[in-house]
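Participant: The following block contains the structure, expressed as C-alpha cells.
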Amino acid sequence: MLTGHKCLTLAAEKRLHTAQPSLSRQIRDLEYEVGVPLMNRSVHGIELTAAGRAFLDHARLALTQAEAAAEAARRAAQPVKPTFAMGFQTGQEVDWLPRATSILRDELLNIEIRVSSDHSTMLADDLQRGRLDIAFLRREQKPDLEYQLVAKEPLVVILPSDHPLAERDAIDPHDLVGETFIGISSVPRVLRAVIDDYLKQSEIEIVPHLEIDNFAMAISLVASTRGVALLPASAENFLKWSVISRPLKGEAPTIDLVIGYHKANTSPILRTFLSRIDDLTPRISSKARRMSGPRSAVAPR
C-alpha cells in the first residue's frame, strides 16, 4: 500500500515530472491561498477533502475555459477564410475535382474549399438552398439555377469481362434484348430519360431486371447477376476487374454534364471561377455538341 508520502512522490516524478518536495510545497501554498485543507494525508494514502473535491470541479472548468479563450484568441488573430463549396455528382469528382481546384490555384491559400458528392437531384437542391456554390451535375429543372455545359458524356454498355458480347469492339443495342438488364430508377431522372428515349428510338423494349440509382450498385449487380447496363462513360471510374465497358454501335446517346450555380449567388469566388471556366475544359465546338463517337465526347482523362 502506498503511503501519502509515496503517493506524492509517484505523482510528482511520473505524472508531473517534478520533485516531491516541490509538489508538496505547491499544494501547501494552494491550501494557504484557498484557506482550507484540500487533501487528507495518512498512512493509507491521500484523498481529497470535501473542499478539495469542490475546488477540483471548478479548477477543471477554469482550465476548459482557459483553453477555449486561447483558441478564440488564435481564431481572432487569423480571420476566417471565405468558403467555396463544390458538389460533384458521384463519380465525376475523379475527373473534375483536380481541374476545378486548378483554376482557383491563385486563391487556394486564401480560401477554404469544401467538397461533397451526391445524386444530381440532391446537388440541385443544395444549390437552391445555398449550401453549394457550384456543382457538376445534370441539367435539373430548377428555375433559380443557371447551367454551363462542361461535357457531353456518351452512354456505354457495362457487362462482365467474360460475357460473349465483351469480345466485340462495339455493341448493337438490339443485342441487349434478352439479357439481364440493370435499369435506372427514377432518382437519376435525367439519365433515366436519356436511356428510355434511346431504347424507344431504337425500337427496343427491355424490361429491367432491377432498377438502381447509383453507379457502384449497378456495376456490382452486373458482376453478380451477369447482367448488362447502360451508363454514362464516367461510370468507368467504378469498374472492377470482372466488369468492362464497350461503346454502343452507331450514334451513341449522350448526357450533358453541366456546372450549376444559383442566379442570386454573389460570391466573388464564384465570379472568379466562372470567369476562368474556359480553362476548365476546352471550349466545346458545335461539332462536339453533335458528336456521336463513343469516346470522343469524354474530356481527356
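Participant: Within region 259-287, can you find the residues that are more than 20 Å from residue 103 (Cβ to Cβ) and at pLDDT below 70?
Facilitator: 285, 286, 287
Participant: Restricting to strands (runs of 3 or more DSSP E) lying wholly in region 101-218: which have 2 or more residues that are over 27 Å from residue 261 (Cβ atoms)?
Facilitator: The strands (runs of 3 or more DSSP E) meeting that bar are 145-160, 181-184, 210-212.
Participant: Something else now. Can you go through 116, 120, 102 and tell me which one is more than 29 Å from residue 247 (Cα to Cα), surrounded by 15 or more Cβ atoms within 10 Å (Cβ to Cβ), outside the structural domain of residue 242 (by TED's automatic domain parsing) and in contact with a Leu (Cβ under 9 Å, 6 or more places away or on another chain)?
Facilitator: Exactly one residue qualifies, and that residue is 116.
Participant: Can you tell me which residue among 229, 264 is small (Gly, Ala, Ser), closer than 18 Å to residue 175 by Cα and either crowded, with 18+ Cβ neighbours inside 10 Å or in contact (Cβ under 8 Å) with a residue 24 or more places away in the chain (or both)?
Facilitator: Residue meeting the stated conditions: 229.
Participant: So which of 158, 195 ends up being without any contact (Cβ under 8 Å) to a residue 60 or more places away in the chain and either out of contact with any Gly (no Cβ under 7 Å at 6 or more places or on another chain) or buried (at least 21 other Cβ atoms within 10 Å of the Cβ) (or both)?
Facilitator: On inspection, the qualifying residue turns out to be 195.
Participant: Okay, next question. State the number of residues belonging to region 95-109 that are closer than 12 Å to residue 84 by Cα and either charged (D, E, K, R) or in contact with a Lys or Arg (Cβ under 6 Å, 6 or more places away or on another chain) (or both).
Facilitator: Matching residues across region 95-109 total 1.
Participant: Can we say residue 55 is surrounded by 10 or more Cβ atoms within 10 Å (Cβ to Cβ) and either more than 30 Å from residue 187 (Cα to Cα) or among the small types (Gly, Ala, Ser) (or both)?
Facilitator: It is true that residue 55 is surrounded by 10 or more Cβ atoms within 10 Å (Cβ to Cβ) and either more than 30 Å from residue 187 (Cα to Cα) or among the small types (Gly, Ala, Ser) (or both).
The values are calculated or read from the model by the stated rules, or taken from the named source; none is laboratory data. Predicted model, so just to flag it, every value in this text is computed and none were measured. Heads up, the Cβs are rebuilt from the backbone with ideal geometry, glycines too, and the neighbour counts pull from every protein chain shown.
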